Amino acid sequence: MKKFLVIGNPIEHSLSPKLHNFWININNIDAVYEKQKLEVDKLESLIFKIKEKKIEGINVTVPFKKIVIPFLDKLSFEAQKTQSVNTIYLDNNEVIGHNTDIDGFELGIKKFKFNISNKKILILGAGGVVSSIIFALKKMNVSEITISNRTKQKAEKLKDLFNSINVIEWGEISNFDMIINATSVGLKEKDELNLDLSLVGQNKFFYDVIYNPKETNFLKVGKKLGNMTENGKFMFIYQALSAFNIWHGFRPEINEEVIKIFD
Ligand code: ATR
């Protein structure tokens with residue numbers, strides 16, 4: 001039986017096992033997908049299990065997406081450009097790190113009636129997932145990407161990877177077509193960003209990477225102000241689908257039952 005894992009810390013709330021095991025079972029694949037909470041000093045020995053063929057594939061989540069890089073033999077183009085790895089597999093006896101968060105964001109956005117090309121985008125946050133979002137936005141030909149992070153220095157650091165981005169002060173919100181919450185603010189129901197989101201204007205697109213809770217205060221406020229809102233559910237589903245495709249060689253179906261996992 002093939003074994004797959006998602007590693008992170010914390011990991012309790014990850015929905016990856018449910019999603020992957022649903023696809024594994026419905027397609028009669030002899031495999032199991034588990035979650036494992038990890039301390040950073042165990043990372044190297046765990047990754048080695050891929051080489052030993054004891055583990056077939058690993059998904060990586062917060063806070064290991066960058067820290068894992070030195071333990072891999074090779075990075076895909078996307079993982080290299082974003083310095084972020086969420087999917088690991090063995091190819092020709094080499095441990096490869098890839099990034100399917102980019103696909104996740106791109107395919108997730110394409111589900112919605114929002115034509116993103118030539119739009120001005122504001123991203124709140126500069127954490128682990130932001131380099132993937134920037135990469136995907138550039139691929140989708142947006143006109144301008146601006147980052148605002150509480151710790152400005154961390155946003156400035158992203159310029160090392162993407163020199164065309166703008167960095168502004170935290171909360172310096174003006175007129176954008178789409179605003180993305182990529183901070184961890186909202187994971188707790190009561191979390192508030194304490195920003196004046198009315199400055200974004202109306203009829204814009206408020207997108208939250210968070211999918212649990214389903215509607216963060218950021219989305220609630222966006223909706224109240226007369227904007228289109230979506231959470232990160234499809235980004236999550238599509239990053240998983242892309243990883244599944246790498247490991248199992250085909251794209252599984254997103255049916256009603258898949259969607260129900262998130263209800
Ligand atoms: P990491 O930074 O380790 O990659 P993350 O969960 O991916 O972790 O990122 C958390 C993001 O949420 C960061 O951009 C963080 O801002 P800082 O860089 O200033 O820490 C942001 N964040 C977390 N709590 C916040 C808060 N109360 N207000 C504003 N931004 C916050």
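Bear in mind these aren't lab numbers, they're just calculated from the coordinates by the rules spelled out. This one's a predicted model, so the numbers in the text were calculated from it and none came from an experiment. Cβ placement follows ideal geometry from the backbone for every residue including glycine, while neighbour counts extend to all protein chains displayed.
Here are some notes:
- What the phi angles of region 230-240 give under the Karplus curve with 6.51, -1.76 and 1.60, with θ = phi - 60°, is a coupling list of 8, 9, x, 4, 6, 4, 5, 4, 6, 5, 5 Hz, glycine and proline written as x.
- Rounded to 5, the percent of DSSP beta bridges in the chain classed as antiparallel: 20 percent
- Restricting the calculation to Cα atoms, region 102-231 yields a radius of gyration followed by a Dmax of 13.3, 37 Å.
- Each of residue 257 and residue 228 was given a label point 7 Å from its Cα along the Cα-to-Cβ line. The distance between the two points is 3.2 nm.
- The antiparallel fraction among DSSP beta bridges confined to region 102-231 stands at about 0%.
- Loop-located chymotrypsin sites (Phe, Trp or Tyr not before Pro) in region 190-263 (DSSP state other than H, G, I, E, B) with a sparse environment of at most 16 neighbouring Cβ atoms within 10 Å: 250, 262.
- If you run the Gaussian network model on the chain, springs between alpha carbon atoms under 10 Å, then out of 181, 86, 115 the most flexible one is 115.
- In sequence order, calculated HN-Hα J values of region 204-221 (Karplus, 6.51, -1.76, 1.60; Hz; x Gly/Pro): 9, 10, 9, 10, 10, 5, 5, 10, 9, x, 5, 10, 6, 4, 4, 6, 4, 5
- Inverting the pair-averaged 1/r between distinct Cα atoms of the chain gives 19.0 Å as its Kirkwood hydrodynamic radius.
- For the options 167, 130, 40, a Gaussian network treatment of the chain with springs between C-alpha atoms closer than 10 Å singles out 40 as fluctuating the most.
- Highest mobility in the GNM of the chain, judged by mean-square fluctuation with C-alpha springs under 10 Å and restricted to 125, 97, 171, is found for 171.
- In the chain, the DSSP-assigned H stretches of four residues or longer account for a calculated mean residue ellipticity at 222 nm of -8500 deg cm²/dmol, using -39500 (n - 2.57) per stretch and the full residue count as denominator.
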